[in-house]
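Asker: To start, I am sharing the structure in question, which I have written as structure tokens.
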Amino acid sequence: MIKKIVLLNLLILIKFIGFSQIEDFKEKFELPNEVAETSGLLFLNGKIITHNDSGDAPNLYELDSLTGNLLRTINISNATNLDWEDITEDETYIYIGDFGNNNGNRTDLKIVRITKADYLNSNSVTADFITFSYEDQTDFSIRTNQHNFDA
């Protein structure tokens, strides 16, 4: 009986995985010059939100999802873009992962958190920060791409 249930669940999972694949994806538009090194994408309220990977101002860029045109730039006034890797959301907040760590020597890993209400109502917002570290990282010497402490 257990084997039949496991097999049935496996078949259902395989079917859903097949439906989740994107087929015949075509390039829709080029990103604007302001987004030279996009590193994360979020689809919110019919628009695309993105940011650059590192070295840029702490900005989010809101793009029209049909044309790719830059609609607005939102500055996070109390943040720094050291190495932003990804962006996501929940019902209340937008989260930006400032945890890129190619060299393995960062001691200031964080998640930048802004409220959606602030994002939707202003082009300049302030953030909260969720700081963290890798429990088992004790060596912070530079070892570019030769460590397990990057995200």
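The values are calculated or read from the model by the stated rules, or taken from the named source; none is laboratory data. The model shown is predicted, which means the values in this text are computed figures rather than measured ones. Here Cβ is always computed from backbone atoms with ideal geometry, including for glycine, and neighbour counts include all displayed protein chains.
Asker: Counting only residues that are charged (D, E, K, R) and under 23 Å from the mean Cα position of the chain (by Cα), which one in region 123-151 is farthest from GLU62 (Cα to Cα)?
Answerer: Here the residue is GLU135.
Asker: So, in region 117-128, of the ones that are surrounded by 10 or more Cβ atoms within 10 Å (Cβ to Cβ) and without any contact (Cβ under 8 Å) to a residue 40 or more places away in the chain, which residue ends up farthest from ARG72 (Cα to Cα)?
Answerer: ASP128
Asker: Regarding ARG113, is this residue of a type in the set (D, E, K, R), in a loop (DSSP other than H, G, I, E, B) and in contact (Cβ under 8 Å) with a residue 12 or more places away in the chain?
Answerer: Spelling it out, it is not the case that ARG113 is of a type in the set (D, E, K, R), in a loop (DSSP other than H, G, I, E, B) and in contact (Cβ under 8 Å) with a residue 12 or more places away in the chain.
Asker: Is region 35-44 home to any residue that is at pLDDT below 90 and aromatic (Phe, Trp, Tyr)?
Answerer: no
Asker: Filter region 130-151 down to residues that are touching a residue at least 40 places away in the same chain (Cβ under 8 Å) and of a type outside the set (D, E, K, R) and give me whichever is farthest from ALA79 (Cα to Cα).
Answerer: GLN146
Asker: Next question. Can you tell me which residues in region 83-112 are surrounded by fewer than 17 Cβ atoms within 10 Å (Cβ to Cβ) and either under 15 Å from SER39 (Cα atoms) or of a type in the set (D, E, K, R) (or both)?
Answerer: Hits for region 83-112 are THR88, GLU89, ASP90, GLU91, ASN102, ASP108.
Asker: In region 73-97, what residues are within 15 Å of ASN121 (Cα to Cα) and either part of a strand (DSSP E or B) or at pLDDT below 95 (or both)?
Answerer: Those that are within 15 Å of ASN121 (Cα to Cα) and either part of a strand (DSSP E or B) or at pLDDT below 95 (or both): THR73, ILE74, ASN75, ILE76, TYR93, ILE94.
Asker: A further question follows. What tally of residues in region 72-114 results from selecting those that are farther than 15 Å from ASN59 by Cβ, more than 13 Å from the chain's Cα centre (by Cα) and of a type in the set (Lys, Arg)?
Answerer: Total meeting the criteria: 1.
Asker: Something else now. For the subset of region 98-130 comprising residues that are among the small types (Gly, Ala, Ser) and modelled with pLDDT under 95, which member is nearest to ILE48 (Cα to Cα)?
Answerer: Among those that are among the small types (Gly, Ala, Ser) and modelled with pLDDT under 95, it is GLY100.
Asker: Just one of (1) farther than 30 Å from PHE140 by Cβ; (2) in contact (Cβ under 8 Å) with a residue 40 or more places away in the chain; (3) assigned to a strand (DSSP E or B) trips up ILE48, so point out which.
Answerer: Result: ILE48 fails condition (2) only.
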